[in-house]
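Taking it in order: structure first as structure tokens, then the write-up.
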Amino acid sequence: MAKENPIPVRLKEARKRANITQKNLGIRIGMEINSASARMNHYEKGRHTPDIDTLQRMADELGVPLNYFFCESESSAELACLIAKLDESEKLTLIKNLSLEKE
């Protein structure tokens, strides 16, 4: 059985958290004013899946990392956002600490 596409749920969550309407998000990422709301609605309902470039523009506009949209659980999505805020040295330290815990 195929897994459910996490993109629609994550997109809606991130958009609502950013307090942006479907139409405004669509316009901000370069969609035509007349079709922005409908196109975003199709993405959030899972009728269509945005291509990777569109998804990246959405991520940038909503302040989430691209991988956030692919997280299957809430905890993974939250971790993706927190990790994205770390600088490279902090990420390396986190990797080291998590690797040590597995040993």
### Query
Among (1) among the small types (Gly, Ala, Ser); (2) open to solvent by 50 Å² or more (accessible area, probe 1.4 Å); (3) at pLDDT below 95, where does Ser73 come up short?
(2)
### Condition met for Ala84 (surrounded by 12 or more Cβ atoms within 10 Å (Cβ to Cβ) and touching a Gly at 6+ places or on another chain (Cβ under 7 Å))
no
#### Entry: Residue list for segment 24-45, filter: among the charged types (D, E, K, R) and either under 17 Å from the mean Cα position of the chain (by Cα) or under 17 Å from Gly63 (Cα atoms) (or both)
Arg28, Arg39, Glu44, Lys45
### Message
within 11 Å of Ile7 (Cβ to Cβ), of a type in the set (A, V, I, L, M, F, W, C) and buried (at least 18 other Cβ atoms within 10 Å of the Cβ): is that true of Met58 in this structure?
### Response
yes
### Message
Being of a type in the set (S, T, N, Q), open to solvent by 20 Å² or more (accessible area, probe 1.4 Å) and part of a helix (DSSP H, G or I): is that true of Thr93 here?
### Response
yes
### Residues (without any contact (Cβ under 8 Å) to a residue 40 or more places away in the chain and touching a helix residue (DSSP H, G or I) at 6+ places or on another chain (Cβ under 7 Å)) located in segment 60-85
Pro65, Leu66, Asn67, Ala80, Cys81, Ile83
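The values are calculated or read from the model by the stated rules, or taken from the named source; none is laboratory data. All values derive from a computational prediction rather than experimental measurement. Backbone-built Cβ (ideal geometry, glycine too); neighbour counts: all protein chains shown. In case anyone asks, the SASA skips ligands and DNA or RNA and just uses the protein heavy atoms, side chains included. Shrake-Rupley method; radii C 1.70, N 1.55, O 1.52, S 1.80 Å.
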